[in-house]
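Submitted below is the structure of interest, expressed as structure tokens.
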Amino acid sequence: MSENEYSSILYNPKEQIHMLYDKKVTCPVCGTEFKARSIKKGSYRILGRDSDFFIRYSKISPYFYDVWVCDECGYSAIKTDFKKIHDRDTEIIKEKISSKWRPKNYPQVYNIDIAIQRYKLSLLNYYVLNSKSSKKAINCLKLAWMYRLKEDNKKEQDFLKKALENLSKAYYNEQSPIYGMDSFTIMYLIGELTRRTGNEEDSIIWFSKVITSRTCPSRIKNLARDQKDLIKSK
């Protein structure tokens with residue numbers, strides 16, 4: 001199945017409208033209560049995972065609904081980050097985002113292009129706030145995955161490189177866990193993003209660090225071995 005064929009499965013408004021509901025959310029910037037489209041439990045199952053942790057879902061993709069956007073002020077973030085904003089940063093959002101914001105008219109069911117638009121809105125907010133590198137990294141990685149579904153290799157590569165740059169900064173400057181990933185998982189992911197962006201020599205160094213660690217979980221070691229073997233088999 002091609003990426004385009006797979007992504008077409010993930011957009012079926014007639015079926016998906018029954019898998020969604022409105023979650024009431026209060027914006028921490030402007031105080032407005034809005035409705036965030038959310039997926040009902042049990043609406044999908046996991047079909048598989050790519051080597052950089054992209055999860056392939058059946059029927060509907062949680063990635064399409066991963067970003068919350070306040071339509072009143074424009075504050076946007078990946079939903080796990082949405083309420084984690086300091087009071088001083090709310091003023092920055094009002095000045096840099098809200099002053100230029102124009103409300104969006106999103107449909108009830110989101111497709112991949114809307115998902116990309118919303119991920120870009122959250123990424124803009126992260127840069128405006130000079131957020132942690134880890135936030136930018138995960139946002140860029142998810143954008144790369146969306147472009148993978150669209151089979152847009154150039155943009156996928158662009159965002160994989162940005163994800164790698166920010167994840168590397170996070171590895172050296174932030175404490176793990178980062179978005180649920182321990183330091184070994186982050187090391188593996190840096191290695192895999194390095195491989196995917198064309199630097200196989202450096203990726204082997206990262207994979208070797210994971211493999212030779214005495215305390216790394218076996219699951220992550222096995223992933224690193226698989227990718228190292230993949231390179232060596234060429």
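In region 170-190, what count of residues is obtained for those that are closer than 12 Å to Cys216 by Cβ and either in a helix (DSSP H, G or I) or modelled with pLDDT under 95 (or both)?
Going through region 170-190, the residues closer than 12 Å to Cys216 by Cβ turn out to be 182-188.
Still in the running and either in a helix (DSSP H, G or I) or modelled with pLDDT under 95 (or both): 183-188.
Residues meeting the conditions: 6.
State yes or no: is Asp113 at negative phi, among the acidic types (Asp, Glu) and not assigned by the TED database to the domain that holds Ile9?
No; evaluated as a whole, the condition is false for this residue.
Taking only pairs six or more apart or across chains, which ones have beta-carbon atoms under 6 Å, a first residue in region 158-172 that is in contact (Cβ under 8 Å) with a residue 24 or more places away in the chain, and a second residue that is of a type in the set (Phe, Trp, Tyr)?
From residues that are in contact (Cβ under 8 Å) with a residue 24 or more places away in the chain, there are no pairs.
Filter region 152-178 down to the residues that are within 13 Å of Ile190 (Cβ to Cβ) and buried (at least 21 other Cβ atoms within 10 Å of the Cβ) and list them by number.
Answer for region 152-178, where residues must be within 13 Å of Ile190 (Cβ to Cβ) and buried (at least 21 other Cβ atoms within 10 Å of the Cβ): Leu160, Ala163, Leu164, Asn166, Leu167, Ala170, Ile178.
Every residue in region 125-141 that is in a helix (DSSP H, G or I) and of a type in the set (Ser, Thr, Tyr), please.
Tyr126, Tyr127, Ser133, Ser134, listed by residue number.
Scan region 122-136 and report the pairs whose first residue is over 16 Å from His86 (Cβ atoms) and whose second residue is of a type in the set (A, V, I, L, M, F, W, C) and in a loop (DSSP other than H, G, I, E, B), with Cβ atoms within less than 8 Å and a gap of 6+ or a chain change.
Leu124/Ile97
State all residues of region 62-80 that are over 27 Å from Ser7 (Cα atoms) and either surrounded by 19 or more Cβ atoms within 10 Å (Cβ to Cβ) or of a type in the set (Ser, Thr, Tyr) (or both); if no residue qualifies, say none.
The answer is Cys73, Gly74, Tyr75.
Quick check: is even one residue across region 31-53 buried (at least 17 other Cβ atoms within 10 Å of the Cβ), within 30 Å of Thr197 (Cα to Cα) and at pLDDT 95 or above?
Scanning region 31-53 turns up at least one residue that is buried (at least 17 other Cβ atoms within 10 Å of the Cβ), within 30 Å of Thr197 (Cα to Cα) and at pLDDT 95 or above.
Here is a further query. From Lys59, Lys83, Lys94, Lys23, grab the single residue that is closer than 26 Å to Ala163 by Cβ and surrounded by 12 or more Cβ atoms within 10 Å (Cβ to Cβ).
Being closer than 26 Å to Ala163 by Cβ and surrounded by 12 or more Cβ atoms within 10 Å (Cβ to Cβ) holds for just one of Lys59, Lys83, Lys94, Lys23, which is Lys83.
Another question about this same structure. Just checking, how many residues over region 26-62 are among the hydrophobic types (A, V, I, L, M, F, W, C) and in contact (Cβ under 8 Å) with a residue 40 or more places away in the chain? First the steps, then the outcome.
The first filter runs over region 26-62 and keeps only residues among the hydrophobic types (A, V, I, L, M, F, W, C), leaving 27, 29-30, 34, 36, 39, 46-47, 53-55, 60.
Next, from what is left, pick out any that are in contact (Cβ under 8 Å) with a residue 40 or more places away in the chain: 27, 29-30, 36, 53-54, 60.
Total meeting the criteria: 7.
Looking at region 73-88, can you tell me whether even one residue there is free of Cβ contacts under 8 Å to residues at least 24 places away in the same chain and more than 28 Å from Ile186 (Cα to Cα)?
Taking every residue of region 73-88 in turn, at least one turns out to be free of Cβ contacts under 8 Å to residues at least 24 places away in the same chain and more than 28 Å from Ile186 (Cα to Cα).
The values are calculated or read from the model by the stated rules, or taken from the named source; none is laboratory data. Note that the structure is predicted; figures quoted are calculated from it, not measured. Because the Cβ atoms are built from the backbone with ideal geometry, glycine has one as well, and the counts that use them run over all protein chains shown.
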